[in-house]
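Worksheet for the structure shown next.
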Amino acid sequence: MDWKIAELKELEDKIWRCTACGTCKVAYDYGPPPTFGEICPAGTEFGFEGFMASKGKIAFARGILSGELPWDDELLEAIYKCTVCAGCQNQCQLDHKPYIPEIIEAMRRKAVDEGVGPMPLHKNLLQSMKNYDNPYQGPRRVRNDWTRPFKKAGKPIKDLNDEPAPVLFFVGCTGAFNTAARAVPTSTASIFQKLGIDFGILGENEICCGSTAMRVGDSEEFKRVATKNLETFKWLHDERGVKTIISSCAGCYRAIKKDYSLSSEYDKVMEGIEVLHTADYLNRLYKEGKLQFKGELPWKVTYHDPCHTGRHLNKFIIDQEGKQLWKGAYLDEDQSACLYEQPRDLLKAIPGIEFVEMKRNRANAFCCGGGGGVMTGFGEWATKNASLRIQEGEDTGAERIVSICPFCHFNLNEGAKRISSQIKVHDLTELIDQVLVGKSDD
Amino acid sequence: MSELSTLQKEQVVTAADPGNVDSVLKELRKIVGDANCTASRHIRYAYSYDMSFVKPKLPDYVVMTEKVEQIQELLRFANKEKIPVVPYTGGTNIGGLTIPERGGILLDLKKMNNIVDIDPEAHVAVIEPGVSHAKLADALYKHKLRFGWPVGPPSASVMACAVSHGIGGLNAKYGLNSQEITSMEVVLPTGELVRVGSCAIRHDAWHSCLPLPQLDGLFKGWLGSSGVVTKIGISVHPIPPLLKVFTVSCDKVEDMYSYMLNLSNYEMCDDLTAVSWWLAQVPIPYPFRPKPNDAPEWFSFATTTSWTEKEKEAREEIWEKVFEEEQKKGTSIKRTVYPEEALKGRTQLPSQVVGSTKNYCKQGGAGISWPGTFTPAKVWAPVYNKWKDILIAHNLSPSVRMSMYRGVHYGMLRAMIPFNKQSAEETENARHAIVECLKVDLDAGGIPYKPPIDFANEIIKRADPGYLELLRRMKKFLDPNDIMNPGKLGI
């Protein structure tokens, strides 16, 4: 299986499309009314221009390529002090816009390839992936721990290694191994059971999607697990009748949907398989009138857009042939694949919920601070950044903050603890599970 | 190493003696703390270049201050040690104004970004250097107030634009953004904190620089070479609910000048601007591309705002009268539809379309610079015609803008010139053409604003000796050791 993952040098022409104008540095919309917000977690925390948005990262990329910035510990740390949230990308209007996160990750790949990267704590994570097929140093057996309550309740979850089902619930490592985020898979599975969906999991045979490895620049490790997963998906489709892969993890979803498409075999392997995030899947059912709610959740709730299910799924329209502007010109963006409205529609549909928006939302949402390897590499900063987002949630008067990413879920919880916030952090599935009417309730 | 990297390496120079770096850094840390200063190469590198043709140069240190007292202490130290200091906010100018000519300390003011006060009754706002156009626009709108937003990035500094005589979308009504400054707080190069304008008499009175002697002139247009401005008061204005933009086009610059002169007599526009066909394109064509024969060479947008329908109708009546008069003169002026994205980019400010340089240099590739001038309106046409010849000869688009300032028949004449910064040859070609254009304008009575050093040198060649002597004396008086952004004024 061939993979088309760009080296930094291949992106040099794109890097030189950046004018250093600094439009990327703040989230802004004309409106009216005009709206402004800080958008770059690293810029907000560290301040210097090199840390600031794509302008700063492009400066590093230019210097690395020209040889003016030889590797040293500080430079290495600086290129990893970025959540790769793409908030800066959302502001940019120039031809390198579609490639901004790729340029940042290509610097990391170069660091890894040349033996200087990633950061020490990332190395542990990557070693764990090699040893255990997950970044949490979790024994494979533990991957199934979250399913015990279902077994005890006499509602075991189907193992697709043994039985067929049309739906694969791809659990993801964070939901399975990070106990603080375990409510995500349990609520998801509970919802699926209530709805009578014929689904299954891979259990101990599920392996990491590879997102974390990709984000920290280890493309070889990413390719290893991604190739194995694609082969598994093909097998599941051919041998177990899987037609839909659903994940409640924003990182897994983005990886399978977007990063895996860098494989030469992607279209062939994934033919007949649809990849969905749980929020999207449930929203479809809701629109079809298949979700019914009982009781109410009398809460004021706000929603945090994960980067992986939001702006990371932007599609960029590029003048490939040079027919409209010139070859390679960025023309426009298509946000139709971004999951902005689906979770909001579901929240608003839950009886009793008063929904309020944070000032920075959708494409201009402020990252929780956990992405791009930052939670592993620079945990304290990740928590601090999450507390800024929690504070923004509190400023709306909301009592609960909801998201659709176990990574955000964990980090926001840590952020809330840091500032002793009373706000409660939930995954969307937790709320839906509380009020969803199951088939047995009919 | 590639040809490009060799070139860049040659371009980046540094002035620091490595032996002294540690001791200076130690002192800087005492002033601003460890997290706010650095001598790390990769951080300095990000400040070494901008959008312009000005050659990259590294600062030796980068310092971020969070309060005025830190700036005072920093300048006392720098003055004692005779270390250059370059004030920096957004770095969004296109004249290399924050590229450190002689190394030293790059003083990044972005953390001082408080909107100190907005007085919705007095229509005065007090801001710190790091306040961006986007931030102030957001805050002012809550009071239904506005400012003259420039066609710069939303992240650009309001203060840096204003103290550098930058322009904005209300120039035809209220003048330059520097004319909107009502009071200033400044740290002198020797570390003293001074105030000019009403706030010098009462600390919370920021309403006017008059009727006191206008000492604010000591800090406006000096390109950060006379002190560090730490607060300014600015006039802000109510937003009338009704917008009407009158758009015309014509084939000759002389016809456009005639129309603008006529209309400006009525002093009814917020902004009265004309742009050549090349500037009306999003993006500006690079390299030069001939205009289609059937396209007009000039477009104008006259932005007006009104409080009532009747007021709007009165403006329409005046505009119709002007338009008819111009047609009767036999000029080529006609009603037109201004290109949609370009109009949006120029009337919905701050703008990511123009501000992001999408309009300016998306096609060129990283580089944008200008001959940007204040020029008597009566010579706009002859200067433009010469600029056009020069720019086309250099294979560059004559993407020119003319804007009337407060109805006094002078205004901005400038050409936004994109170029491919990846190529040293193309960058030098642009620089050469731009300087040639500037010479033409200077000889016609224009004066450049936010000038790169190449321009400053041309100004000096032509300046009255008495003016230069006064300038030198003032500089020496304020900055005896020439530490503030040295070299930028060309004196």
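Overview of values
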{"read-out": "Calculated P(r) tail over 43 Å for the protein assembly as shown, as whole % of Cα pairs", "value": "37"}
{"read-out": "Local electrostatic count, A:VAL225, Cβ distance below 12 Å [Lys/Arg +1, Asp/Glu -1]", "value": "-3"}
{"read-out": "Estimated 222 nm signal from helices in chain A, with DSSP H stretches of n ≥ 4 weighted -39500 (n - 2.57), rounded to 500", "value": "-12000 deg cm²/dmol"}
{"read-out": "Furthest towards positive pole of dipole, A:ALA250, A:PHE177, A:TYR260, structure part the range A:130-288, Cβ charges", "value": "A:PHE177"}
{"read-out": "Prolate/oblate/rounded label for the range B:242-448 (Cα gyration tensor, a/c 1.5)", "value": "prolate"}
{"read-out": "For the range A:1-110, with +1 on Lys and Arg beta carbons and -1 on Asp and Glu, the positive-most of A:GLY67, A:THR44, A:PRO33 along the dipole", "value": "A:PRO33"}
{"read-out": "Across A:LYS81/B:LYS362; B:LYS142/B:LYS173; B:LYS26/B:LYS421; A:LYS25/B:LYS144; B:LYS110/B:LYS488; B:LYS55/B:LYS110, pairs whose alpha-carbon gap is larger than 32 Å", "value": "B:LYS26/B:LYS421"}
{"read-out": "Inter-part distance where the range A:200-266 and the range A:374-419 are each reduced to a Cα centre, Å", "value": "27"}
{"read-out": "Computed magnitude of the charge dipole of chain B (debye, nearest 20; Cβ of K, R +1, Cβ of D, E -1)", "value": "340"}
{"read-out": "Selection from A:GLN93, A:ASN413, A:ILE432, by position along the positive dipole direction of chain A (Cβ)", "value": "A:ILE432"}
{"read-out": "Relative packing of B:28-41, B:319-332, B:387-400, A:247-260, which averages over residues the other C-beta atoms within 10 Å, highest first", "value": "A:247-260, B:387-400, B:28-41, B:319-332"}
{"read-out": "All lysines inside 22 Å of A:LYS158 as judged from Cα atoms, apart from same-chain residues fewer than 8 positions distant", "value": "A:LYS194, A:LYS228, A:LYS234, A:LYS243, A:LYS439"}
{"read-out": "Zone residues, the range A:294-327, relative to B:ARG289, backbone N less than 12 Å from point 7 Å out along Cα-to-Cβ", "value": "A:322-327"}
{"read-out": "Nearest-0.05 FRET efficiency for A:ASP162 and A:ARG141, computed from C-beta distance (R0 22 Å)", "value": "0.85"}
{"read-out": "Computed over chain B, Cα set: Rg, Dmax in Å", "value": "22.6, 74"}
{"read-out": "Net charge dipole size for the range A:305-360 [Lys, Arg +1 and Asp, Glu -1 on Cβ; Debye, nearest 20]", "value": "140"}
{"read-out": "Formal net charge of residues neighbouring B:ARG406 (Cβ-Cβ distance under 12 Å; K, R +1; D, E -1)", "value": "-3"}
{"read-out": "Residue pairs, from the table A:LYS4/A:LYS97; B:LYS244/B:LYS310; A:LYS97/A:LYS123, whose Cα atoms sit over 22 Å apart", "value": "A:LYS97/A:LYS123"}
{"read-out": "Residues B:LEU468 and B:LYS80, FRET efficiency given R0 of 25 Å [Cβ-Cβ distance, rounded to 0.05]", "value": "0.30"}
{"read-out": "Cα-centred dipole magnitude for the range B:262-350, charges only on beta-carbon of K, R (+1) and D, E (-1), debye, nearest 20", "value": "360"}
{"read-out": "Note, ³J(HN,Hα) from phi for the range B:98-108, Karplus 6.51, -1.76, 1.60, rounded to Hz, x at Gly and Pro", "value": "10, 7, x, 5, 10, x, x, 9, 8, 9, 8"}
{"read-out": "A:LYS9/A:THR179 FRET efficiency (R0 45 Å; Cβ-Cβ; nearest 0.05)", "value": "0.60"}
{"read-out": "Euclidean distance of C-alpha centroids, the range B:210-276 and the range B:307-332, integer Å", "value": "21"}
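Coordinate-derived values only; no laboratory data. Keep in mind that this is a model prediction, so the values were computed, not measured. No Cβ is skipped: glycine too gets one built from the backbone with ideal geometry, and neighbour counts run over all protein chains shown.
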